1. So with the 1.4 Å probe, I'd like the accessible area per residue for the range 145-195, rounded to whole Å².
2. Any idea of the accessible area per residue across the range 226-287, 1.4 Å probe, to the nearest Å²?
3. Going by amide H atoms built from the backbone, whose H comes under 5 Å of the H on Asp268, apart from near neighbours?
4. For Ile277, which sequence-distant residues (separation of 5 or more, or a different chain) have an amide H within less than 5 Å of its own amide H, given hydrogens modelled in the peptide plane?
5. Run the numbers for His204 and Ile277: contour at 0.36 nm per residue of separation, minus the present Cα-Cα distance, in nm.
6. For the range 117-263, which whole percent of the accessible surface, found with a 1.4 angstrom probe, sits on carbon and sulfur atoms?
7. Can you send over the carbon and sulfur percentage of the accessible area for the range 32-79, probe radius 1.4 Å, protein chains only?
8. For the range 18-89, what class follows from the C-alpha gyration tensor (a ≥ b ≥ c being the square roots of its eigenvalues): rounded when a/c is under 1.5, otherwise prolate if a/b is larger than b/c, else oblate?
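The values are calculated or read from the model by the stated rules, or taken from the named source; none is laboratory data. Everything quoted here is computed from the prediction, not taken from an experiment. Note: ideal-geometry Cβ built from the backbone for every residue, glycine included; neighbour counts use all protein chains shown. Side chains are part of the model used for accessible areas, which takes the heavy atoms of the whole protein and leaves out ligands, DNA and RNA. Shrake-Rupley method; radii C 1.70, N 1.55, O 1.52, S 1.80 Å.
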Amino acid sequence: MINLIHECLIEEFRPDLIKECTIAAVRLDDGVVLAKNRDRGYKSNVEVIHELIDDVEILYWRDVDTDWSEGMNEYGIGIVNSSLMVSQDEKEGKEVEKNRKDKTAKKRPSYDGNKIRKALTYKTLPKVIKSIVGYSGEDKKDVGLKGETFVSDSNNIYVVEMTSKHSPIIKKLKKEQKVLIRTNHGVYHKEAGYTKGEKKKSSHSRLNLAKKHLEDVKTPQEVIDKLKEKYKDDPFLNPYRTENMYHMQTTGQIMMDLNKKEIVIRMDNEMGNLVGIKNKLPKDYTPKLKVKIEDEKTHKKNKKLPT
């Protein structure tokens, strides 16, 4: 299997058998930045966790209601994902609100959070991608991380596109291409994700706007700031979505500087809530990864940011 993954990294992987957001990978002069605007249909409670899993240092944000997780490891490998199972994303908000009201309700956490955390325990891109495509975790029937997934280190960027109905396609970003964007419609699997109506329009608008405005960025901070800007009067069409008729809004942003091994997290003042930072590292351990927490509006007021 590992040989198959190595082969697919050379070109692309098309085996015959085998959540609503905007994600970006940007190649800068000194490395690669991954970023994401995470959209949800509910106010998202998120925690930051810094720990060792299988003796590998991992830093990630985690939705405490669904267990969704994304982050990077000590080898400078980061993962972000955007859903192509959009109807499931929309239903998720109702389930989260129901569980918050009924404390006795049995929660059904996302298996994808564990898939991402497991993938981050590997040291190389081939092994990380092998895990993304093939790991099932607790639910043996749910194989692989569905949707649009970026896997990158400070030199190379890969995109994995797959759904429960579509075989995974893996492609490497060419060195001369600076920006890679995905939202909620299939690029290789054209029938996946949003395929009609206003939601398709939004998905294409967010992709095109993000790509256009990230082409000229010079620094990691510019990446997350450009993804925050308002470009359209209709909030549903912007990469960073505020209140709209479909009740799918940006709850927060994550940005990973894979060269400096630093994560920046910025929660939305209305739709996101950072509930805590859990440092689970051993007391005598010297961390290789850093996190910086920004208030959504702080960066515009030239105030010192909390770390």
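1. Working: 1850 Å² over 51 residues.
It amounts to 36 Å² per residue over the range 145-195.
2. Numbers: 3270 Å² over 62 residues.
On a per-residue basis, the range 226-287 sits at 53 Å².
3. It is Gly252, Gln253, by chain and number.
4. For Ile277, whose amide H was placed from the backbone, the distant partners under 5 Å are Val48.
5. On the way: separation 73, 0.36 × 73 = 26.28 nm, distance 3.45 nm.
Going from the current span to full extension adds 22.8 nm.
6. On the way: 3020 of 6550 Å².
In the range 117-263, the share of accessible area belonging to carbon and sulfur is 46 percent.
7. Numbers: 330 of 890 Å².
Carbon with sulfur: 37 percent of the solvent-accessible area.
8. Cα axes put the range 18-89 in the oblate bin.
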